[in-house]
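Worksheet: the structure to be examined is printed underneath.
The values are calculated or read from the model by the stated rules, or taken from the named source; none is laboratory data. Note that this is a predicted model, so its numbers are computed, not measured. Cβ atoms come from the backbone with ideal geometry, glycine included; neighbour counts cover every protein chain shown. Surface accessibility is based on the protein's heavy atoms, side chains included, excluding ligands, DNA and RNA. Shrake-Rupley method; radii C 1.70, N 1.55, O 1.52, S 1.80 Å.
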Amino acid sequence: MQNASDLPDPAPIVPEIAVPDIAVPEIDAGLRQRVQDAALLRTAGRIARLGGWLIDTAHGRVYWSDEVCDIHGVPRGTSHALRDSIQYFGPGWVQRATDMFERCMRDGTPFDEEMQILTADGRLVWVRAVGEAVRDDAGRLEYVQGACQDISDMKVLERSAARLAARLSTTLESITDAFLMVDRNWTLTYLNSEAERILQCAREEVVGMNVWERFPEAVGGPYHHAYKKAFETNAAVSFEEYYAPLKLWTEIRAYPSEEGLAIYFLDISERKANEAEIHKLAFYDRLTGLPNRQLLLNRTEHALALCQRVALPGAILFIDLDNFKAINDTRGHDKGDILLRQVAERLLGVVRASDTVARFGGDEFVLLLEDLGSDDVEAAAGAQEMARMVQQAFAAPFDIAGVDQYSTPSIGITVFNGGSGSVDDVLKRADLAMYQAKAAGRNAISFFDPHMQARVSARVALETDLRHALELRQFELHYQPQCAVDGRLCGAEALVRWRHPQRGLVSPAEFIPAAEDIGLIVPLGRWVMESACLQLARWAAGERTATLEMAVNVSAFQFHRHDFVEMVLEVLEQTGAPPAQLKIELTESLLLKDVQGTIEKMMRLKAVGVGFALDDFGTGYSSLSYLHRLPLDQLKIDRSFIRDAFEDGQGVAIVRIIVALGKALRMAVLAEGVETEQQFALIVTEGCQAYQGYLFSKPLPADALAEFIDGLPARETSA
Ligand code: C2E
Ligand code: MG
Ligand code: MG
């Protein structure tokens with residue numbers, strides 16, 4: 001074993017440089033003075049770690065200022081032979097320094113270099129070495145001078161900044177996200193290679209461009225809004241968006257800063273496509289492409305929820321192919337598949353865009369029909385109509401691989417509304433109805449509720465008859481006298497009746513809604529207006545009837561037509577009826593729609609003297625906020641309040657309120673449906689000005705009315 005002391009000294013990491021300590025020889029006094037002058041700058045030099053040096057070229061010696069000595073780690077005042085001083089340059093730098101000094105001394109080439117020196121105490125120090133030649137008046141090179149500055153601190157900073165920048169750009173290049181930066185003027189300042197790939201553009205091309213000039217399709221769209229928001233709120237934004245020009249789904253995260261916006265993004269087109277595919281598999285039938293059972297359940301649930309809120313009924317049609325099993329068995333499953341696909345197409349051809357056609361399973365299809373009308377009967381009629389259309393769609397044979405194949409559907413219908421229970425309940429009802437249809441002999445339509453079926457049949461029959469009633473002159477007008485509380489006859493309300501050949505006199509309550517549905521209300525309404533005005537004109541000519549008023553009911557559909565006012569003016573002109581004795585009865589629901597337009601129409605008619613009454617007042621959704629704006633002359637208290645006045649007592653309060661309201665709004669009040677003396681006494685006490693009802697007279701045909709008037713004492717018909 002060797003003793004530690006036997007070991008040779010470890011080689012120094014940095015080779016030591018022997019610094020010859022030579023006494024300063026006599027030098028030119030002028031040169032010495034220059035060195036002294038430089039000393040004045042010592043303080044500044046110390047702060048900047050900057051010193052001066054000078055080479056006496058004649059003697060080949062170098063003189064360093066104190067600061068330069070400090071930088072080299074030698075005692076102040078040290079001077080070297082030029083050759084030795086060059087040895088202070090660090091490993092690898094000596095040759096270069098030698099060349100530099102030689103060239104400067106030979107032909108005066110100045111230098112300014114950053115190099116490393118190795119100090120006497122073995123430190124590697126970065127310095128900036130600057131040198132220049134000084135010439136005498138004759139142009140001869142006299143000496144060389146320069147400066148030396150310790151720049152190691154700066155070098156450290158510079159290097160770490162460079163390292164950071166390099167690391168950043170390597171990071172931005174290597175991350176899987178695409179990355180780009182825009183400044184606050186929307187100029188693109190950086191783009192990594194993934195961004196180049198996704199956006200299909202080269203960095204050199206787009207950096208420096210305005211981002212919206214480069215991607216003009218995005219201006220005003222979701223990207224634009226999101227980035228603007230990020231700037232405005234100074235908060236990061238993240239979102240998913242489709243960029244159509246590149247058929248690209250992107251996932252974006254953008255972070256605002258002083259410099260601008262750092263935008264990270266991913267191409268998620270594949271994920272989106274997968275999601276769409278998964279959605280399709282989960283919710284659509286593979287064979288027909290129709291919504292599957294699951295999607296149907298979802299949509300039905302949604303429809304039921306909606307029904308509860310808006311109270312518009314819908315229907316489910318459950319369709320089963322009658323002979324499908326036989327086709328499958330005899331012609332093979334592939335042919336069965338072809339049939340199912342064609343059935344799907346035909347069903348799609350029948351429904352409205354808002355309806356759902358779903359394949360429920362096997363040969364079962366379901367139609368979900370929403371928003372089918374305002375009540376269950378109307379919805380049922382609509383559903384039955386649709387079922388008929390489905391039957392018709394099956395009338396032509398299907399072309400199955402060149403062979404005609406007939407098929408028929410059995411259809412079960414159930415109507416649903418807000419209170420129809422769960423999705424399961426509703427579908428079960430439609431399914432049961434479908435089995436009924438099958439039992440009834442196939443290719444049949446069956447309702448879950450047999451009463452519904454009867455009502456629908458009646459409604460359909462009514463509509464069919466109604467279409468011809470006008471041309472067959474089956475309508476007649478009856479007139480119900482209206483009487484002032486002092487017993488004086490003041491006019492009559494025209495009420496239409498339908499004299500049906502089989503059913504006798506049909507009430508307007510039954511056929512007016514149907515007439516509105518099939519659009520018959522417009523010609524019927526005109527006929528009523530004409531007949532009533534003719535009668536009014538006749539009254540005007542009669543001595544005892546000259547001042548009587550005629551009230552005519554007008555339905556919303558009729559009133560909201562663009563030519564309603566013209567129609568009334570035309571009828572007045574044709575019949576010669578006095579406009580000031582015509583009173584149009586409107587209902588509250590009619591006024592709810594387009595209040596402003598309603599007021600304008602009323603004002604145009606008021607201008608010629610026509611009056612207005614609000615019918616069935618109190619049963620609708622009267623809003624006091626618009627009531628006072630309407631140019632109404634009369635409020636008619638609905639007969640239900642008069643009927644109930646003595647049953648629950650509430651009617652009395654309502655009559656009182658309506659009379660008070662009429663007073664406040666300067667409208668006369670007429671009570672409808674007055675049947676008893678007790679009711680009459682009530683409305684007189686409460687302050688109604690007029691009434692109509694069975695107590696005074698039922699509605700009467702024109703001739704009966706004439707007799708009725710003739711029978712009245714003379715004072716009861718004069719104005
Ligand atoms: P309305 O305008 O409120 O007419 C009053 C209804 O009450 C009439 O029924 C009338 O016969 C009935 N009535 C009158 N006095 C009494 C009474 O003392 N007791 C009872 N229980 N009832 C009474 P109607 O004739 O069946 O008419 C029903 C509704 O049909 C009318 O209600 C009106 O809204 C509508 N209507 C009638 N004619 C027409 C018309 O020409 N056009 C339009 N659009 N609707 C009409
Ligand atoms: Mg009326
Ligand atoms: Mg009424």
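Between L470, L477, the distinction of being open to solvent by 30 Å² or more (accessible area, probe 1.4 Å) and in contact (Cβ under 8 Å) with a residue 24 or more places away in the chain belongs to L470 only. Part of a loop (DSSP other than H, G, I, E, B) and surrounded by 19 or more Cβ atoms within 10 Å (Cβ to Cβ) - does that describe any residue in segment 523-540? Looking through segment 523-540, none of the residues is part of a loop (DSSP other than H, G, I, E, B) and surrounded by 19 or more Cβ atoms within 10 Å (Cβ to Cβ).
Considered as a group, the residues in segment 554-583 that are open to solvent by 40 Å² or more (accessible area, probe 1.4 Å) and touching a residue at least 40 places away in the same chain (Cβ under 8 Å) include one that is nearest to ligand 2 (Cβ to nearest atom), and that residue is F557.
Within segment 422-443, count every residue that is open to solvent by 20 Å² or more (accessible area, probe 1.4 Å) and either modelled with pLDDT under 85 or under 20 Å from Q392 (Cβ atoms) (or both). Of the residues in that region, 6 qualify. Evaluation of Q634 against the conditions (1) away from ligand 3 (no atom under 13 Å from the Cβ); (2) without any contact (Cβ under 8 Å) to a residue 60 or more places away in the chain; (3) under 30 Å from V571 (Cβ atoms) shows that the sole unmet condition is (1).
Of everything in segment 227-244 that's of a type in the set (A, V, I, L, M) and part of a helix (DSSP H, G or I), which residue is surrounded by the most Cβ atoms within 10 Å (Cβ to Cβ)? The residue in question is A230. Confirm whether A551 is open to solvent by 30 Å² or more (accessible area, probe 1.4 Å), within 23 Å of D710 (Cβ to Cβ) and in contact (Cβ under 8 Å) with a residue 40 or more places away in the chain. So A551 does not fit the description; no.
Residues in segment 630-665 that are open to solvent by less than 40 Å² (accessible area, probe 1.4 Å), touching a Phe, Trp or Tyr at 6+ places or on another chain (Cβ under 8 Å) and part of a loop (DSSP other than H, G, I, E, B): L630, P631, L632, D638.
Restricting attention to segment 601-628, the residues that are over 23 Å from E516 (Cβ atoms), at pLDDT 90 or above and away from ligand 2 (no atom under 16 Å from the Cβ) add up to 6.
When you check R544 against the structure, is it in contact with a helix residue (DSSP H, G or I) (Cβ under 7 Å, 6 or more places away or on another chain), open to solvent by 40 Å² or more (accessible area, probe 1.4 Å) and basic (K, R), yes or no? Spelling it out, R544 is indeed in contact with a helix residue (DSSP H, G or I) (Cβ under 7 Å, 6 or more places away or on another chain), open to solvent by 40 Å² or more (accessible area, probe 1.4 Å) and basic (K, R). Scan segment 584-595 for residues that are in a helix (DSSP H, G or I) and either crowded, with 19+ Cβ neighbours inside 10 Å or out of contact with any Lys or Arg (no Cβ under 9 Å at 6 or more places or on another chain) (or both) and the total you get is 5. Of all the listed residues (L627, L614), the sole one being within 16 Å of ligand 1 (Cβ to nearest atom) and open to solvent by less than 20 Å² (accessible area, probe 1.4 Å) is L614. For segment 131-148, a residue qualifies if it is in a strand (DSSP E or B) and open to solvent by 50 Å² or more (accessible area, probe 1.4 Å), and the qualifying residues are E132, R135, E142, Q145.
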